[in-house]
Amino acid sequence: MTTIRDVIKGKGDQVWTVTPESTVGAALALLAERNLGCVLVTAEKNQIAGIFSERDFTRKMACERRLPGEILVREFMTTKVYSVSPDDTIESCMTTMTNRRFRHLPVMEGERLVGIVSIGDVVKAALSDKELLIEQLEGYIAHG
């Protein structure tokens, strides 16, 4: 069974971050430059303070009269951040993402940030697992 650790090994452990004092404009530039859907917001000692996503921006900017360069990330970020463990299965991660309507989850090993997974990463891994199972069953039937 595939775990989140396997997903991180395949995609890499790079995590892009901003601080709560970064401007929304700077965070958006990073999202665009790196083709990301979110960035983690880290405070002192790399502790996760929140997560800032495209969704956070679009929902909160609709009522805003200031420019993104005038707004701090801490004003728009989601502060209640859920995470997964590297040892969690992709199925349990997908369930959390679906039930909580998250598109991204940080991967924490104890207190240490070891990566981030998106719903796309998890779905890709689940499809790969299913394809492997189908191949194994076809081989069993053909040579059984």
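Summary table
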| quantity | calculated |
| --- | --- |
| Restricting the stretch 21-80 to residues that are without any contact (Cβ under 8 Å) to a residue 24 or more places away in the chain and of a type in the set (S, T, N, Q), the residue that is farthest from K11 (Cα to Cα) | T58 |
| Flag for G37 being closer than 24 Å to E109 by Cβ and within 12 Å of the chain's Cα centre (by Cα) | yes |
| Those residues of the stretch 84-108 which are β-branched (V, I, T), touching a helix residue (DSSP H, G or I) at 6+ places or on another chain (Cβ under 9 Å) and farther than 20 Å from A49 by Cα, in sequence order | T89, I90, T98 |
| In the stretch 53-99, the residues that are aliphatic (A, V, I, L, M) and farther than 24 Å from S128 by Cβ | M61, A62, L67, I71, L72, V73, M77, V81 |
| Single residue of the stretch 8-25 satisfying the filter (touching a Pro at 6+ places or on another chain (Cβ under 9 Å) and closer than 30 Å to M94 by Cβ) that is surrounded by the fewest Cβ atoms within 10 Å (Cβ to Cβ) | V15 |
| Unique residue being assigned to a loop (DSSP other than H, G, I, E, B) and either within 25 Å of A126 (Cα to Cα) or without any contact (Cβ under 8 Å) to a residue 60 or more places away in the chain (or both) when the list is V15, V7 | V15 |
| Filter result for C63 (closer than 14 Å to T17 by Cβ and not aliphatic (A, V, I, L, M)) | no |
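Since every read-out is calculated from the coordinates, none of them should be taken as a lab result. Please read these numbers as outputs of a predicted model, since none were measured by experiment. Note that we place each Cβ from the backbone using ideal geometry, even for glycine, and neighbour counts take in every protein chain shown.
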